[in-house]
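Undergrad: Structure below; questions to follow.
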Amino acid sequence: MDVINSTVICTHPSGSSHRSVWMLGNPLSSPTPLLFLQVSLITVVTQLMDACLRPLGQTSLVSQILGGLVFGPSMLGHKEMVTNILFPMKGCLILDTVATFCLNFFYFISCVKMDTGTVLKTEKQAITIGISVFAFAFAFPLGLSFALTSFISMDKTLASALPLIAISQSFTVFISISVLLTELKILNTNVGRLALSSAMFTDVVSLPMITLIFAVLQVKHSNKSMLTLLWILLSIAVLLVVIFYVIRPTIIWYAGRLNGKPVDEFFFVCIILCVLFTSFCSEFIGQHYSMGPIFLGLAVPEGPPVGSTLISKMETVSGAFLYPLYLAVNGLQTDIFKINLQATWIVTAVVLVGFVAKIIAVILPGYYYNVPMKDCLVIGLVLNGRGIAELCMYNLMKNSKLLTGQLFSLLVLTLIVINGIIAPLVKFTYNSSSEYHSGKRISIQHTKRDSELRIMVCFNKNENIPTMLNIIEASCASRESNIEVIALLLVELLGRSRPLLVAHQPHDTLPVTNCDLTQLDNALKQYAQLNEGCARVQSFTSISDFDTIHEDVCRISFDRRANILIMPFHKRWEIDGTVEVKNRGIQTINTNVLERAPCSVGILIDRAILSGCPSLLIGKSTYYVAVLFIGGADDAEALAYASRMARHECVNVTVIRFLVFGEENSKDRKYETDLVDEYRYHNNGNTRFEISEEVVRDGMEFFSSVRRMVDCFDLVMVGRAHPQSVLLHGHDQWSECPELGVVGDMLATQDFVTKASVLVVQQQRMGGRFINQNVMPNQRDQLVHNVPMNEPPIPSCTISMDKYDRK
């Protein structure tokens, strides 16, 4: 009998079996199923709201608060029946507790990602802007609030709360700004970096101020003596000492003992317990429960192994579920019917003055540092962004009886309106890709034959280094035509919220890291030594989210005026011929780079592991290169690059031109014939450069010819896009990797058995638009290789964390 009772208890822990619909009961009378229904309804509605508002340029914060607003007293909850069924008092208390739990872990994860060390290295522009924004947004709204309370008759609760509302406008919280920049996808831009650094420095000033103000108001509200305030401040200091001088050293000690091993579950559980414990301690000493998790998150070392592990385990839950739930609960508590007209215009005036003050506060130092006015406006708009931290502050003031329900609802509405205005405005006024288009042709085809060639190569892992080096060496550095190699290591941002761009050699504006022992830097150093006097190298590392890391790629290629940018492919070939997708994020990067790059782009499909291709740099083995020439600007760029490679004594280049049977008199063929003949003329007498022609009737013959001959080469070069041709008709319907084009995609499939690596080339786009591949230029000197390009010398310092450091 005891076993049966135990089974029943375990099966129905809420004791609600007698409330099921089959027992003619009400399941919602029990808090557990009620909570399940509430969370499910809120999640579904907020996701639907997000799907509807996202095309209008809105952020998830707006849609999620509005999703909660739907069930609150402002809409459906205004009906007493809906409130009694879905959100009764006991159900709201439990939901509010769950939201509190959500807030703690979201704050903790957000602060773990914050790199506190970079606050000390914040750029002077960011420090100046941060101080200016805080001072202006503190002084002007607060002065207006005192003037309004002195000269305008208003309710006592509004008069007492108005200075606090004014002070709240001065806070620019790093967490809120980081979330906004991430959603706008400008975190990795110059504007995003400067805005984030400014917000981070402002937090250094505002966080102690919030803590002090809250402690003073707490003492004043309780009618206690100043001795109580002293005890509160001492208890806060003790908690901080425990976090930073007990918990943090323990975490660092544990991380040092891992020796490359993953973080175990026991440590992860201990961290969760620490979050809950510090939250309890914060409440115990009379502070807000989120203070402990915030400082604990700052104390946890960012990045691997601890920070990145915590992020990977908790970010999805905290960011995709806990964060939206807290926002929705705040919308649920908002009642627009409590708001009166007088409070609306008074609070709106204070908020509007704070909004304008922040923009002016950015423009003034921006003018001093020669920041473009448009960028100042965007930074000002971004720093006006509100988020979960501001909502938490409003809740804190409401629970402390400093705000009435009317003022709380009004402040939540101002938050929705401000964010609803900011996001579309920033998207409309700021286009980061416009920074990377100079209007000059710098493709290989359009530079002088003996001018310096600047090649930028990107790496995600070390697998591509041998093939990339072979291509760099094949590019033929000489005293008449030097080569500059710019290498960028792409590292996915894990365990941090602020992207980093560092140099591997002394640099005037970028932070420097010592990477002399890495495989990449050793390989580049060896290349420079073997080509001393003819080549120079620079290397950088970008640590950023893969959704926005292309901004760093494009900025460096633009600043260094690279002629061609070579990217890795997202698939990797194993020695047994199998293909592994190493990182889908690389495919996203390649797509974004192809759309925005200020120079020509190549995507390298590396199969060197299959052929064991020897080193051209050290072994001086013969390197066989093929160019599949169908027509169009991209094929012309591949031809120009291969023509330069043919100067190398160990490189044999074969250009295979495919001609469609029956199109002998077409205008495009005549133009392409002139172009090919010119390269034939420039390589006259060079036995390592050969041009052959293949006449084919359709796509089947074309692909059969390609299959038959590519295994004779180490590297096959082909253009990404081509004019409309019967050779490619219908094949674009099943393209697996559209970033490679039709031919490149065919050569990259696992079914296409070959040991040759492939370089898919896209010629530089002009004006941010794809070159029309169907229209060939009328004048021959627009494409020939001997057109001079007059360009100013590259400045000695061109890449910086902030483009406004350039003198």
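Undergrad: In region 83-94, which residues are at pLDDT below 70 and surrounded by 14 or more Cβ atoms within 10 Å (Cβ to Cβ)?
TA: GLY91
Undergrad: Return the only residue of LEU162, LEU158, LEU184 being open to solvent by less than 50 Å² (accessible area, probe 1.4 Å) and under 20 Å from VAL356 (Cα atoms).
TA: Selected residue: LEU162, the only one of LEU162, LEU158, LEU184 that is open to solvent by less than 50 Å² (accessible area, probe 1.4 Å) and under 20 Å from VAL356 (Cα atoms).
Undergrad: Tell me which residues, restricted to region 273-286, are assigned to a helix (DSSP H, G or I) and either open to solvent by less than 20 Å² (accessible area, probe 1.4 Å) or β-branched (Val, Ile, Thr) (or both).
TA: VAL275, THR278, SER279, SER282
Undergrad: A follow-up question, please. Can you tell me which residue among VAL179, VAL173 is under 35 Å from the mean Cα position of the chain (by Cα), more than 23 Å from VAL353 (Cα to Cα) and aliphatic (A, V, I, L, M)?
TA: Selected residue: VAL179, the only one of VAL179, VAL173 that is under 35 Å from the mean Cα position of the chain (by Cα), more than 23 Å from VAL353 (Cα to Cα) and aliphatic (A, V, I, L, M).
Undergrad: Across region 727-761, what is the total count of residues that are touching a strand residue (DSSP E or B) at 6+ places or on another chain (Cβ under 6 Å) and open to solvent by 10 Å² or more (accessible area, probe 1.4 Å)?
TA: 1
Undergrad: Out of all the residues in region 293-310, which are open to solvent by 10 Å² or more (accessible area, probe 1.4 Å) and touching a helix residue (DSSP H, G or I) at 6+ places or on another chain (Cβ under 7 Å)?
TA: ILE294, PHE295, LEU298, PRO301, GLU302, PRO305 - these are the residues of region 293-310 that are open to solvent by 10 Å² or more (accessible area, probe 1.4 Å) and touching a helix residue (DSSP H, G or I) at 6+ places or on another chain (Cβ under 7 Å).
Undergrad: Does any residue of region 738-749 turn out to be hydrophobic (A, V, I, L, M, F, W, C) and modelled with pLDDT under 75?
TA: no
Undergrad: Within region 715-726, is there a residue that is modelled with pLDDT of 85 or more and open to solvent by 10 Å² or more (accessible area, probe 1.4 Å)?
TA: Yes, the conditions are met somewhere in region 715-726.
Undergrad: Can you go through PHE101, PHE108, PHE134, PHE146 and tell me which one is assigned to a helix (DSSP H, G or I) and touching a Gly at 6+ places or on another chain (Cβ under 8 Å)?
TA: PHE108
Undergrad: Could you list, in sequence order, all residues of region 106-124 that are at pLDDT 80 or above and touching a Pro at 6+ places or on another chain (Cβ under 7 Å)?
TA: Once the filter is applied, which keeps residues that are at pLDDT 80 or above and touching a Pro at 6+ places or on another chain (Cβ under 7 Å), region 106-124 yields TYR107, PHE108.
Undergrad: Still on this structure, please answer the following. Quick one: is LYS401 out of contact with any Pro (no Cβ under 7 Å at 6 or more places or on another chain), at negative phi and open to solvent by 20 Å² or more (accessible area, probe 1.4 Å)?
TA: Considered against the rule, which asks whether it is out of contact with any Pro (no Cβ under 7 Å at 6 or more places or on another chain), at negative phi and open to solvent by 20 Å² or more (accessible area, probe 1.4 Å), LYS401 comes out as no.
Undergrad: Can you list the helices (runs of 4 or more DSSP H) found entirely within region 164-266 that contain at least 1 residues being among the basic types (Lys, Arg) and under 28 Å from PHE280 (Cα atoms)?
TA: Hits in region 164-266: 190-221, 248-256.
Undergrad: Taking helices (runs of 4 or more DSSP H) that do not extend beyond region 346-435, which have at least 1 residues that are closer than 21 Å to THR59 by Cα and acidic (Asp, Glu)?
TA: Of the helices (runs of 4 or more DSSP H) lying wholly inside region 346-435, those with at least 1 residues that are closer than 21 Å to THR59 by Cα and acidic (Asp, Glu) span 373-383, 388-399.
Undergrad: Here is a follow-up. May I ask you to list the residues in region 699-708 that are open to solvent by 30 Å² or more (accessible area, probe 1.4 Å) and touching a residue at least 24 places away in the same chain (Cβ under 8 Å)?
TA: Matches in region 699-708: ARG707 only.
Undergrad: With respect to THR59, is the statement that it is more than 33 Å from the chain's Cα centre (by Cα) and hydroxyl-bearing (Ser, Thr, Tyr) true?
TA: In short, no.
Undergrad: Going residue by residue through region 132-139, is there one that turns out to be under 25 Å from LEU327 (Cβ atoms), in contact with a strand residue (DSSP E or B) (Cβ under 9 Å, 6 or more places away or on another chain) and open to solvent by less than 30 Å² (accessible area, probe 1.4 Å)?
TA: There is no residue in region 132-139 that is under 25 Å from LEU327 (Cβ atoms), in contact with a strand residue (DSSP E or B) (Cβ under 9 Å, 6 or more places away or on another chain) and open to solvent by less than 30 Å² (accessible area, probe 1.4 Å).
Undergrad: In region 230-272, how many residues are surrounded by 15 or more Cβ atoms within 10 Å (Cβ to Cβ) and of a type outside the set (A, V, I, L, M, F, W, C)?
TA: Of the residues in region 230-272, 3 are surrounded by 15 or more Cβ atoms within 10 Å (Cβ to Cβ) and of a type outside the set (A, V, I, L, M, F, W, C).
Undergrad: Quick one: is GLN724 part of a loop (DSSP other than H, G, I, E, B) and touching a strand residue (DSSP E or B) at 6+ places or on another chain (Cβ under 7 Å)?
TA: Considered against the rule, which asks whether it is part of a loop (DSSP other than H, G, I, E, B) and touching a strand residue (DSSP E or B) at 6+ places or on another chain (Cβ under 7 Å), GLN724 comes out as no.
The values are calculated or read from the model by the stated rules, or taken from the named source; none is laboratory data. Everything numeric here is computed off the predicted structure, so don't read it as measured data. No Cβ is skipped: glycine too gets one built from the backbone with ideal geometry, and neighbour counts run over all protein chains shown. Side chains included, ligands, DNA and RNA excluded: accessible areas come from the protein's heavy atoms. Shrake-Rupley method; radii C 1.70, N 1.55, O 1.52, S 1.80 Å.
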